[in-house]
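Report on the structure given below.
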Amino acid sequence: MTNAFVVETPTPRRSKAVLSALVRWLLRVGVGIAVLDLYLRLVAFLMAAAGIAVAPLVAALIGLTATLLAVPPKGTLDRAITRTLKPAVDAVDAQIACIFIPYIAAVPVSHLPSGSLLWTAAAACTVGTIATMFVAGKVAQAFSSSSIGDTARDGEQQTEETQTSAISAARRPRRMSAADAARAVCGATPPEGLWLVATVALAPLALIPWVELVFHHTAAPAYTCATAATYLLARRVPNQAQRLGLAPTVTGGVAMACVASLVGWLTGVGAEAGIQDYLAGAGALYLYFVPPAVLGLAFRVRAQAETLRKNAKPLALAVAVAVPGGLLLGAALGRAVGLPPDVVLASLPKCTTTGLAVHMAAALGGNPSLAAAGCALSATIGLSAGRALMDAMHIRGATARGAATGVSSHAAGTAALAAAGEDAAAAVSGVVFALSGVFGVLLLEIPRFRAALLAVAGA
């Protein structure tokens, strides 16, 4: 019988290499996170001193994006920025679905509409998402000269570039990566198993009567490990089920809400207070990484700068028409079907990437957790039916399909295009969902547009 919890006996040289790789990775990620945090605080301070009302996170994202696009590629400054920030951005981006789990876990305590209103809200979000996809795709298609063949040609070019990079990398001496080191530490043990063991080991800390710490502080280590374990387990859900809405963020969020409710019931404070304890401790820790995730969009735009340059006109027009149109349409639909104004406002940024959507919802006075749930719904639509919907709406060409997907269903739709082999469309979608999110946030900073949006929503 094979024991899953077995780690290969390390040699001294291998142990040193593993430890060195992990320490090197932690230092690089830690320095990157610290620099991003310092940069954001500096932007906030300067904007407050200048009396500028634009959200600091948005200004920081625009500043970083402009800097990355302006500096000469592979120059000294470009290499310095990339070397300092990219490890942190990549680390956060790799676990982005896990970071947003607390938003989904908070949905049960977010004053959801009851009964038929919940299904009405979901239907309004679905219609709004599909309409946004249609408008963005058709506008981009009308002003684009690309064809379906572009996808194949661009895909072949990307494949050649990838193969060339792989050959070049193979010629260079390679140190052990953090991923290899992690696999060496885990051995045959599933990572989620280690996180579960850590959860059980840390749980007693929550029961110790610490003098100056409250329960959500003492329970945070166990909850943090439990969230990671739950996320890794949720990733094992079959792809077919994930396309139907059981994405890791949704599944993990629901599971952690159940766990926190159970803990609250067992400790006598109640299910709702149990979820609040989770959000105040481990949830706050995970959400700390949302700003670095948002700032990481700057690197996504820089990576697709050539795609942006070649398709500037159709993409700019698609974003300029579909983003404000989608927001106004969502407000009108929500009001028409009788949704409460706060629910309408929370649902408006559903087509925006989650990190910016929760910021937009808060700026409008809506609930960020409901906004995250709306993002999960639009992501599910893009992941499960996005390509079929675009085929039915006769949206053709890499530029048009990428614009339609990026504006309406952000990262999940982008992943669906990549998985289906539409590499060029996925590249377009990757830059569009970043640009449309920033543009949406900037629109809310315009008093007249904001007032019009609130008026249409009935708020």
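Please treat every number below as a calculation from the coordinates, not as lab data. The structure presented is a predicted model; accordingly, all values stated were derived computationally and were not measured. Cβ atoms come from the backbone with ideal geometry, glycine included; neighbour counts cover every protein chain shown.
Lysines within cross-link reach of residue 313: Cα-Cα under 17 Å, excluding same-chain residues under 8 positions apart?
Cross-link targets: 138.
Which order results if 395, 101, 130 are arranged by neighbouring Cβ count within 10 Å, fewest first?
Numbers: 395 22, 101 29, 130 19.
Final ranking by Cβ density, sparse to dense: 130, 395, 101.
Taking the Cβ of residue 289 as the centre, find all other residues whose Cβ is under 13 Å away and add up their charges (Lys, Arg: +1; Asp, Glu: -1). Kindly include the intermediate steps, with their values, before the conclusion.
Numbers: positive: none; negative: 37, 90, 93.
In short, -3.
How would you classify the range 385-424 from its alpha-carbon gyration tensor, with a ≥ b ≥ c the square roots of the eigenvalues: rounded for a/c under 1.5, else prolate if a/b is greater than b/c, otherwise oblate? Please list the in-between numbers first.
On the way: a/c = 1.35, a/b = 1.24, b/c = 1.09.
Because its axes are fairly even, with a/c under 1.5, the range 385-424 counts as rounded.
Using a Förster distance of 30 angstrom, determine the FRET efficiency expected from the C-beta separation of residue 143 and residue 442, and round it to 0.05.
0.85
What ranking, highest mean first, results for peptides 117-123, 300-306 when packing means the other Cβ atoms within 10 Å averaged over each residue?
Descending packing order for the listed peptides: 300-306, 117-123.
By the scheme Lys and Arg +1, Asp and Glu -1, what is the net charge of all other residues having a beta-carbon under 15 Å from that of residue 328?
Counting the neighbours of residue 328, the net charge comes to +4.
Order these peptides, 428-437, 366-375, 384-393, by their mean beta-carbon neighbour count within 10 angstrom, highest first.
Taking the mean over residues of other Cβ atoms within 10 Å, the ranking is 428-437, 366-375, 384-393.
Among 266, 36, which comes first, second and so on when ranked by fewest other beta-carbon atoms within 10 Å?
266, 36
What FRET efficiency comes out for the pair residue 313/residue 450, r = Cβ-Cβ distance, R0 = 30 Å, nearest 0.05?
Efficiency, from the Cβ-Cβ distance: 0.65.
What length, rounded to one decimal in nm, is gained on full extension from residue 34 through to residue 269, with 0.36 nm per residue of separation minus their alpha-carbon distance? Display every interim value, and only then the final one.
Numbers: separation 235, 0.36 × 235 = 84.60 nm, distance 3.62 nm.
Gain on extension, residue 34 to residue 269, equals 81.0 nm.
What is the magnitude of the charge dipole of the range 28-94 about its Cα centre, with +1 placed on the Cβ of each Lys and Arg, -1 on the Cβ of each Asp and Glu, and no other charges, expressed in debye to the nearest 20?
200
Report the gain in length on full extension from residue 237 to residue 127: 0.36 nm times residue separation, minus Cα-Cα distance, nm rounded to one decimal.
Contour length minus Cα-Cα distance gives 36.9 nm.
Mark the label point 7 Å from the Cα of residue 116 along Cα→Cβ and return the residues of the range 316-353 whose backbone N is within less than 14 Å of it.
So the set is 337-339.
Separation of the range 334-357 and the range 361-406 by C-alpha centroid, Å?
Here the two parts' Cα centres lie 13 Å apart.
Which lysines have a Cα lying under 19 Å from the Cα of residue 86, excluding residues fewer than 8 positions away in the same chain?
Excluding near neighbours in sequence, the set is 74.
Among rounded, prolate and oblate, which fits the range 388-459 when a ≥ b ≥ c are the square roots of the eigenvalues of its C-alpha gyration tensor, a/c under 1.5 means rounded, and a/b larger than b/c means prolate?
It comes out prolate by the Cα gyration axes.
Let me check I've understood the local charge: for residue 457, count other residues with C-beta under 14 angstrom from its C-beta, Lys and Arg +1, Asp and Glu -1. What total comes out?
Net of charged neighbours comes to +2.
If amide H atoms are built 1.01 Å from N in the plane of the peptide, which residues on other chains or at least 5 residues away come under 5 Å of the amide H of residue 397?
The answer is 148.
Tell me, what ³J(HN,Hα) does each residue in the range 309-326 have, in order and in whole Hz, if you take phi through Karplus 6.51 cos²θ - 1.76 cosθ + 1.60 with θ = phi - 60° and put x for Gly and Pro?
Result, ordered by residue: 5, 5, 10, 4, 5, x, 5, 4, 5, 4, 5, 5, 8, 6, 5, x, x, x Hz.
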